[in-house]
Amino acid sequence: MYSVIILVCVLVFLLHYLLKSPISGGGSRRTKLPLPPGSLGWPYIGETFQLYSQNPNVFFSAKQKKYGPIFMTHILGCPCVMISSPEAAKFVLVTRAHLFKPTFPASKERMLGKQAIFFHQGDYHSKLRKLVLRAFMPDTIRNFVSDIDSIARESLRLWEGRSINTFQEMKTYTFNVALLSIIGKDEVKFREDLKRCYYVLEKGYNSMPINLPGTLFNQSMTARKELAQILAQIISSRKQTRHDDNDLLASFMGDKECLTDEQIADNVIGVIFAARDTTASVLTWILKFLAENPAVLQAVTEEQEAIIKGRDTREEEKLLSWADTKKMPLTTRVVLETLRVASILSFTFREAVEDVEYEGYLIPKGWKVLPLFRNIHHCPDNFPEPHKFDPSRFEVAPKPNTFLPFGNGVHSCPGNELAKLEILVLLHHLTTKYRWTVMGPQNEIQYGPFALPQDGLPIKFTLKS
Ligand code: HEM
């Protein structure tokens, strides 16, 4: 009896699956096009197990080798097209960006806030993007250099003589810088409360979305409410006192068409989310690569010491200036090479909003499309000897669309200048005043979801004699 029920269920499911499949329907020219090469695996399950039973990049590379730079697969209940050529990435992210909308699981939207920038396309997205870009463009963030410098010095002092988990400590640094750029001088007053709530919120980010008392998801949603309340308090006190701030909150509140408090809260939480772990992961990788490449570390240290030597001796303890950060070409190349080798965001997600033709293949409406950044960064045609850490390769600009650590097109990272600035400031103090040794073997990569050295890179951190 049970086997008959199971058989009927399987048949109903298969029928549903086939009817939903774009291969079977429609008579337009587009739907007659072939799908990209690849395999959809088992019904519903697809190739999820193959992807998650190993390092995901092994799965991507094996598929690319077998099928070429565009292939289809089926992951977590969704048919997907994965792309790994610079031209295809440009097509999806730039030239035909309107045909591919950003897509996230509903639980993530609820947690970060449905009105946050990365979930949108069209007019609302353009309006938000203008406001976010205004707060993070070089002319604005140059005003933050000395405050970032103070945050960097304070962080490093706390690590002196200790064994630390690099990623955990970097997260504190990048969180404090993110708050500074979002709420400016108010940052210090609200830092601890915002931090407490945000840390609870992030714990539930990868949990099952079950909103019942006691679950991680529920605790996250409660912390999220509290975060929104604290932000409402900051917004209300700003409304009462005139400010000439140039932080993100000022940009949101200064908008003529005025965002609601809820829209502001969703976007503040969203920007913290986008800014913190990404930059902290990159910093963690930089410490690992510098420790493994003493000649590069030596060259970076000399470049940074030259900035101090170039100063009047009375000014030696002076805070870094914007102009100082422009005297760091070699250190900048180390940052770029780390972004390439580590490729902390291995890929991003889009969804086709209609049937799209690409290179004679059909990308059906509703299918997910994943530009594979890491595969592009690790392709020998784009970067010879791709696994070698060699900052000098950035003495020459990379070929168009081959270097996408901050994405490309309408959703590309508006915080990239701030990320690079805070990394350079920290590296200045780190290399001129400190030493670090990596503890334990360091050959594995963790994905959580950003690529990270094993266990967050435990190190021993000491002041130079
Ligand atoms: C090294 C650190 C960082 C990396 C590698 C990084 C990478 C990226 C990438 C690849 C995207 C595009 C995703 C897509 O197209 O789906 C993105 C978007 C975004 N990033 Fe960053 N990011 C970093 C730091 C930051 C910082 C510091 C901020 C803010 C201060 C920030 C704010 C954002 C926002 C708001 C978006 C969404 C833009 C939109 O949808 O229009 N990111 N980031």
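The values are calculated or read from the model by the stated rules, or taken from the named source; none is laboratory data. Model, not experiment: these values are computed from the prediction. Neighbour counts run over all protein chains shown; Cβ positions are idealised from the backbone, glycine included. To get the accessible areas, we keep the full protein, side chains included, count just its heavy atoms, and leave off ligands, DNA and RNA. Shrake-Rupley method; radii C 1.70, N 1.55, O 1.52, S 1.80 Å.
General remarks:
- A count restricted to segment 161-174 and to residues that are hydrophobic (A, V, I, L, M, F, W, C) and buried (at least 22 other Cβ atoms within 10 Å of the Cβ) stands at 2.
- Which numbered condition Phe119 fails, given (1) touching a residue at least 12 places away in the same chain (Cβ under 8 Å); (2) within 12 Å of the ligand (Cβ to nearest atom); (3) farther than 30 Å from Ile210 by Cα: (3)
- Qualifying residue in segment 176-188 (condition: open to solvent by 50 Å² or more (accessible area, probe 1.4 Å) and of a type in the set (Lys, Arg)): yes
- Of the candidates Val410, Val396, the single residue that is over 23 Å from the mean Cα position of the chain (by Cα) and open to solvent by 20 Å² or more (accessible area, probe 1.4 Å) is Val396.
- Ala323 being open to solvent by 40 Å² or more (accessible area, probe 1.4 Å), without any contact (Cβ under 8 Å) to a residue 12 or more places away in the chain and hydrophobic (A, V, I, L, M, F, W, C): yes
- Looking only at segment 256-275, and only at residues there that are within 16 Å of the ligand (Cβ to nearest atom) and within 13 Å of Lys127 (Cα to Cα), the one that is modelled with the lowest pLDDT: Leu259
- Positions within segment 85-114 being basic (Lys, Arg) and either crowded, with 21+ Cβ neighbours inside 10 Å or part of a helix (DSSP H, G or I) (or both), in sequence order: Lys90, Lys108, Arg110
- Remark: pairs (first residue in segment 262-281, closer than 16 Å to Phe406 by Cα; second residue at pLDDT 95 or above and among the hydroxyl-bearing types (Ser, Thr, Tyr); Cβ separation under 6 Å; 6+ apart in sequence or on different chains) = Arg276/Thr174; Thr279/Thr174; Ala280/Thr174.
- Cβ-Cβ contacts under 7 Å between residues 6 or more apart (or on different chains), taken from a first residue in segment 400-419 that is under 14 Å from Ser84 (Cα atoms) to a second residue that is within 7 Å of the ligand (Cβ to nearest atom) and among the hydroxyl-bearing types (Ser, Thr, Tyr), are listed as Gly407/Thr348.
- The listed residue being of a type outside the set (Gly, Ala, Ser), modelled with pLDDT under 90 and either part of a loop (DSSP other than H, G, I, E, B) or open to solvent by less than 60 Å² (accessible area, probe 1.4 Å) (or both), out of Pro22, Pro34: Pro22
- Between Phe394, Phe406, Phe461, Phe389, the distinction of being out of contact with any strand residue (DSSP E or B) (no Cβ under 6 Å at 6 or more places or on another chain), outside any loop (DSSP other than H, G, I, E, B) and either at pLDDT below 95 or among the aromatic types (Phe, Trp, Tyr) (or both) belongs to Phe394 only.
- Condition met for Val438 (surrounded by fewer than 22 Cβ atoms within 10 Å (Cβ to Cβ), over 19 Å from Phe349 (Cα atoms) and of a type in the set (A, V, I, L, M)): yes
- Test: residue in segment 385-395 that is within 10 Å of the ligand (Cβ to nearest atom) and either basic (Lys, Arg) or touching a residue at least 40 places away in the same chain (Cβ under 8 Å) (or both): no
- All of Leu297, Leu287, Leu345 fail the test of being open to solvent by 40 Å² or more (accessible area, probe 1.4 Å) and in contact with a strand residue (DSSP E or B) (Cβ under 9 Å, 6 or more places away or on another chain), apart from Leu345.
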